[in-house]
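Heads up, the thing below is written out as structure tokens.
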Amino acid sequence: MRGNRERKIQLIALVFLLTIFLLFADLLIFGIFVSRNGMPYYPDSEEIMEHLHKEKGEYRLAEEESKKLSGAQQFAMLLDNGGNILWSEFLPKELRKSYTLQDVAKFTRYYLEDYPVRTYVVPEGLLIIGQKKEQIWKYTLEYKEGVIRNLIEFLPLFLLFNALILVSVPIWIQKKRAKQKEEERTEWIAGVSHDIRTPLAIVLGNAEMIAATTESEEIKDRALRIEKQGLRLRRLVENLNLFSKLSFGYGNLEKEKIQVSRFLRKTITEMRNQTEDERVQFTLDIQEDLQGLVLGFNENLMERALMNLLYNAVQHNPEGCEITVKLYQDEKAHVFLQVEDNGCGLEKAALKRLNKKNYEWEPSTGQHGLGLKIVKQVISRHRWKVQFREGSQGGFLCRIQMG
């Protein structure tokens, strides 16, 4: 359904934008959290060396700096150029040894026997500050600069792709389920319509036979009423079935080249035969140079649309009215089909609602419901335009631009 489709598109757009916003918001929050809480604290190497003094051949760290190391659960040591320990503070027992160049090369980048460490070059040699085991995740990554630059440039596209998948998969599932339900509904309505037609045909046949054979005016009048209401019920069933098909798509629209004047005469004659009310007058007005006009359209659908317009005029003007069907061309060579009556017409609010863009997909309310919805749907399927307005004599007017 077009109205539902537009609402779904709006929902998809909203979900998509919300997903993108949430992804960037999550990345921002994660970045802020990591920058504030994820970076481990290491004392300043210059500050340590400034408070590290050599007295009587031994190095001693100022008490204040020692407390800082203790509070951070860290250790420190100073190696000379030969890998020997000149000084240490809170150094684990397994680390109290001499170190070779190979050892230094290893822990300079990663871990010193599973202890995460940082290494600083100082005049005395190397200053090493370490953390407890399993407290810090430390790893060095090396990539080409061009790769990192490309990754940064394509990162938004990756996020966009992920968001599309995140949005499209549930929407596809929902659409598939909705389509299945709509097919089931259409099949059910078609089945019910078929089941109603058979007994309805029997009722109409008997009512017509009774009206034609009885001599009692009262029985004839009742039979004619039954026939009239039966025809109305049949029309409602046909409209319901057609509305369901149009709402679901109706498949491919099969068009034929049809002479419009012939089509109008046939449809009006059929409606006149069904009405048989002298108070209702039909007039067909075709512009002379349009008598031979041939257009491509689906005859069955257009016949139903025109019958609905004619029946709408008859049904809502029980005191009778004059219905004029007019085919004409304006100065811009646009072809119009106009159906107008001189009956009671409609209020401006009702006309405004009929002319709303998605009226045919709204719930039916009031007297002018399913029939005019089908008119709008049929015209829409033909890519034509339709407008409802007040007639020249105060009645109801429908104008269809056919080309």
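Under the condition of being in contact with a helix residue (DSSP H, G or I) (Cβ under 6 Å, 6 or more places away or on another chain), farther than 19 Å from Phe388 by Cβ and not hydrophobic (A, V, I, L, M, F, W, C), the residues counted in region 281-323 number 2.
Taking strands (runs of 3 or more DSSP E) as the structural unit, those lying wholly within region 318-403 and holding at least 3 residues that are of a type in the set (D, E, K, R) and modelled with pLDDT of 85 or more correspond to 385-390. Taking each residue of region 221-235 that is within 17 Å of Gly371 (Cα to Cα) and looking for partners that are of a type in the set (Lys, Arg) with beta-carbon atoms closer than 8 Å, six or more apart or interchain, yields Arg234/Arg197.
Conditions tested, residue by residue: (1) more than 35 Å from the chain's Cα centre (by Cα); (2) of a type outside the set (Val, Ile, Thr).
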{"site": "Leu293", "(1), (2)": "yes, yes"}
{"site": "Asn298", "(1), (2)": "no, yes"}
{"site": "Glu319", "(1), (2)": "yes, yes"}
{"site": "Ile323", "(1), (2)": "yes, no"}
{"site": "Val339", "(1), (2)": "yes, no"}
{"site": "Leu372", "(1), (2)": "no, yes"}
{"site": "Lys376", "(1), (2)": "no, yes"}
{"site": "Trp384", "(1), (2)": "no, yes"}
{"site": "Gly403", "(1), (2)": "no, yes"}
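Which of the residues that make up region 243-254 are at pLDDT 70 or above and either out of contact with any His (no Cβ under 8 Å at 6 or more places or on another chain) or closer than 16 Å to Ile196 by Cβ (or both)? Correct list: Glu254 only. Summed over region 212-242, the residues that are at pLDDT 80 or above and in contact with an Asp or Glu (Cβ under 8 Å, 6 or more places away or on another chain) give a count of 1.
The values are calculated or read from the model by the stated rules, or taken from the named source; none is laboratory data. This structure is a prediction, so every number in the text was calculated from the model and none was measured. Using ideal geometry, Cβ is built from the backbone for each residue, glycine included, and neighbour counts are taken over all protein chains shown.
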